[in-house]
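Provided herewith is a single structure, encoded as structure tokens, for subsequent inquiry.
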Amino acid sequence: MAGIGFELRKLLRKETLVGLLQAYTLAGIIGSGPWVLSIVGILAIGLLSNALAAPSHQVTQFQTSVTYLIASSLILTGGLQLAFTRFVSDRLFEHQNEVVMPNLVGALTVVALLASGVATMVVFVLFPDESVLYRILMLSSFTLLCTIWIVTIFLSGMKRYKEIVALFALGYGITVVLALLLRRFGLEGLLTGFFLGHCVLLWGMLALTAYDFRPQRLIAFDFARPEMRYPSLLAIGALYNLGIWADKFMFWLFPDTSEPVVGLLRASIIYDLPVFLAYLSIIPGMAVFMVRIETDFVEYYDKFYDAVRSGGSLEYIEDMRDEMLYSIRQGLAEIGKIQTLAVLITFVAGPSLLELLGISALYLPLLHLQVIGAGLQVVLLSVLNVFFYLDQRRIILVLCLEFLVLNVILTGFSLWKGAAFYGYGFTVAVLITLCTGLALLDRKLNRLEYETFMLQ
């Protein structure tokens with residue numbers, strides 16, 4: 001994400017209220033835009049379909065199918081997203097721009113073959129009684145989403161943030177329109193609109209990539225060579241996404257908290273709605289995260305390592321270390337403040353919000369817990385981001401594994417204890433992992449000069 005820092009610093013240099021507002025708005029849009037647009041698009045299809053008298057059960061089946069598609073595709077591709085981005089970053093640093101596009105095509109080929117192979121086996125197990133067209137659409141959409149995540153993270157590494165948001169807006173706009181036009185064909189019509197809209201999204205991103213990198217050859221698999229692999233990044237991506245979705249899958253699969261929707265897919269009304277609302281509350285936190293971490297921290301991070309490489313004085317190096325440490329603490333504190341405000345707003349406005357959405361007030365305690373958990377997740381993401389800058393992949397791997405294990409164990413305990421404990425599993429898991437991450441980060445930064453000079 002380093003590239004966004006240049007844009008944000010340009011706005012902050014104005015030293016005006018307008019410039020500050022522009023910086024935070026840009027950060028919020030870039031940091032949260034794609035996933036907010038995807039969530040809003042899927043919800044819009046449901047709300048508009050219901051308004052147009054489409055059968056409610058078909059809308060529920062559509063939203064459940066899409067949710068599973070997104071979750072499973074993120075888990076499958078999470079590792080490759082990070083590993084391939086690192087490969088591309090290294091090649092750009094070496095000024096080998098000509099290898100980027102062929103390897104992207106190679107990575108997409110591998111992902112498409114893997115995704116289609118997995119999906120082909122799964123759709124016949126999960127949907128034995130569904131139509132052939134539904135199975136084909138699920139298989140095709142899953143493969144399509146897997147490729148989209150790879151290209152999205154690739155374009156993020158290329159600093160094309162505004163273009164990503166614009167393409168997501170276009171893609172999901174087309175998805176909503178086509179789904180509504182095809183709703184008379186039932187569940188298959190809604191899924192066809194979803195598939196075609198994402199085809200437009202993918203082709204737009206590929207066209208943008210090809211414009212930036214004029215390929216001299218069609219395809220390459222250099223990223224798969226042993227010396228180019230990053231097994232730790234593959235594991236980190238998979239574990240992090242599993243950790244994020246573990247509690248959701250457990251609530252979906254637990255009979256007391258879910259109900260069958262389509263085929264063998266289940267949904268949890270008890271859990272899904274509060275989780276959705278909670279994740280909307282982190283948009284301000286994501287904006288603060290990007291502004292503070294990607295401006296102040298990155299600035300002193302660059303000065304520190306530039307001084308190390310150019311032979312700067314020890315006093316200057318220590319000063320930059322101290323400034324970097326201060327910027328991290330200030331950034332985390334600001335994220336904590338803004339998410340605390342989100343929690344307080346939820347406590348005050350929560351009942352009215354649930355009433356407006358036609359949701360029972362019984363969801364309120366779970367909503368409070370999920371808002372706290374989502375806010376803590378933003379802080380955890382900030383800590384992981386700092387470790388990525390320091391190239392501490394082993395620590396990140398440990399933290400992601402800890403998060404996954406704790407989420408599974410504590411969510412399982414909450415399901416066993418009953419409704420009064422729902423939501424505590426995810427929130428407590430994030431809290432414990434965050435405390436571990438903060439302790440390790442403090443220790444790492446206090447030893448930064450020693451490790452920089454003595455352990456290379």
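Given (1) at pLDDT 80 or above; (2) not in a helix (DSSP H, G or I), identify the lone condition not met by GLY204.
The one condition GLY204 does not meet is (2).
Let's see how each residue does on (1) buried (at least 17 other Cβ atoms within 10 Å of the Cβ); (2) aromatic (Phe, Trp, Tyr):
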position: PHE413; (1), (2): no, yes
position: LYS417; (1), (2): no, no
position: GLY425; (1), (2): yes, no
position: THR433; (1), (2): yes, no
position: ARG443; (1), (2): no, no
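I would also like to ask the following. I'd like to check something: does region 278-293 contain any residue that is in a helix (DSSP H, G or I), aliphatic (A, V, I, L, M) and closer than 30 Å to LEU187 by Cα?
So far as region 278-293 goes, yes, one or more of its residues are in a helix (DSSP H, G or I), aliphatic (A, V, I, L, M) and closer than 30 Å to LEU187 by Cα.
Here is a follow-up. Is there a residue in region 224-234 that is part of a helix (DSSP H, G or I), out of contact with any helix residue (DSSP H, G or I) (no Cβ under 8 Å at 6 or more places or on another chain), surrounded by fewer than 19 Cβ atoms within 10 Å (Cβ to Cβ) and acidic (Asp, Glu)?
Yes, there is a match, as at least one residue in region 224-234 is part of a helix (DSSP H, G or I), out of contact with any helix residue (DSSP H, G or I) (no Cβ under 8 Å at 6 or more places or on another chain), surrounded by fewer than 19 Cβ atoms within 10 Å (Cβ to Cβ) and acidic (Asp, Glu).
Six or more apart or on different chains, Cβ atoms under 7 Å: show the pairs whose first residue is in region 240-256 and more than 17 Å from LEU434 (Cα to Cα) and outside the structural domain of ILE395 (by TED's automatic domain parsing) and whose second is modelled with pLDDT under 90 and not in a helix (DSSP H, G or I).
Short answer, once both residue conditions are applied: PHE251/SER258; PHE251/SER268; TRP252/SER258; TRP252/ARG266; TRP252/ALA267; TRP252/SER268; LEU253/ARG266.
Something else: Confirm whether TYR301 is closer than 30 Å to LEU390 by Cα and of a type in the set (Ser, Thr, Tyr).
For TYR301, the condition - closer than 30 Å to LEU390 by Cα and of a type in the set (Ser, Thr, Tyr) - is met.
Within region 307-316, is there a residue that is buried (at least 19 other Cβ atoms within 10 Å of the Cβ), modelled with pLDDT under 80, among the polar types (S, T, N, Q) and in the same structural domain as ALA429 (by TED's automatic domain parsing)?
The answer is no; no qualifying residue exists.
Let me ask something else. Please name all residue pairs, on different chains or six or more residues apart, with Cβ atoms under 7 Å, provided the first residue is in region 307-319 and is free of Cβ contacts under 8 Å to residues at least 60 places away in the same chain and the second residue is part of a helix (DSSP H, G or I) and surrounded by 14 or more Cβ atoms within 10 Å (Cβ to Cβ).
ALA307/ILE317; ALA307/MET320; TYR316/ALA307
Looking for something within 19 Å of ASP272 (Cβ to Cβ), of a type in the set (Val, Ile, Thr) and in a helix (DSSP H, G or I) - is there at least one such residue anywhere in region 347-357?
No, region 347-357 has no match at all.
From (1) in contact with a Leu (Cβ under 6 Å, 6 or more places away or on another chain); (2) more than 26 Å from GLN58 (Cβ to Cβ), pick out the condition that doesn't hold for GLY189.
Among (1) in contact with a Leu (Cβ under 6 Å, 6 or more places away or on another chain); (2) more than 26 Å from GLN58 (Cβ to Cβ), the lone unmet condition for GLY189 is (2).
If you don't mind, there's one more thing I want to ask. Kindly indicate whether any position in region 136-144 is farther than 27 Å from GLU259 by Cα and touching a Leu at 6+ places or on another chain (Cβ under 8 Å).
The answer is yes, given that some residue of region 136-144 is farther than 27 Å from GLU259 by Cα and touching a Leu at 6+ places or on another chain (Cβ under 8 Å).
A further question on this structure: Being surrounded by 17 or more Cβ atoms within 10 Å (Cβ to Cβ), in contact with an Asp or Glu (Cβ under 8 Å, 6 or more places away or on another chain) and of a type outside the set (D, E, K, R) narrows it down to one residue among LEU137, LEU145; which is it?
Being surrounded by 17 or more Cβ atoms within 10 Å (Cβ to Cβ), in contact with an Asp or Glu (Cβ under 8 Å, 6 or more places away or on another chain) and of a type outside the set (D, E, K, R) holds for just one of LEU137, LEU145, which is LEU137.
Given (1) buried (at least 17 other Cβ atoms within 10 Å of the Cβ); (2) modelled with pLDDT under 85; (3) not β-branched (Val, Ile, Thr), where does ALA349 come up short, assuming only one miss?
That leaves (1) as the condition not met.
Here are the criteria: (1) touching a Ser or Thr at 6+ places or on another chain (Cβ under 6 Å); (2) within 27 Å of TYR230 (Cβ to Cβ). Tell me which single one ARG447 does not satisfy.
Evaluating ARG447 over (1) touching a Ser or Thr at 6+ places or on another chain (Cβ under 6 Å); (2) within 27 Å of TYR230 (Cβ to Cβ) leaves (1) as the failure.
I'd like the residue in region 389-445 that is of a type in the set (Phe, Trp, Tyr) and assigned to a helix (DSSP H, G or I) and, out of all such residues, is farthest from the chain's Cα centre (by Cα).
TRP416
Considering only region 242-277, state which residues are β-branched (Val, Ile, Thr), in a helix (DSSP H, G or I) and touching a Leu at 6+ places or on another chain (Cβ under 9 Å).
Residues satisfying the conditions are ILE244, THR257, ILE270, VAL275.
OK, next. Is there a residue being touching a Gly at 6+ places or on another chain (Cβ under 7 Å) and either in contact (Cβ under 8 Å) with a residue 12 or more places away in the chain or crowded, with 21+ Cβ neighbours inside 10 Å (or both) anywhere in region 89-108?
yes
For the structure I just gave you, tell me whether VAL386 is surrounded by 15 or more Cβ atoms within 10 Å (Cβ to Cβ), part of a helix (DSSP H, G or I) and modelled with pLDDT under 90.
Answer is yes for this residue.
The values are calculated or read from the model by the stated rules, or taken from the named source; none is laboratory data. Since we're looking at a predicted model, the values are computed, not measured. In this analysis, Cβ positions are derived from the backbone assuming ideal geometry, glycine residues included, and neighbour counts consider all displayed protein chains.
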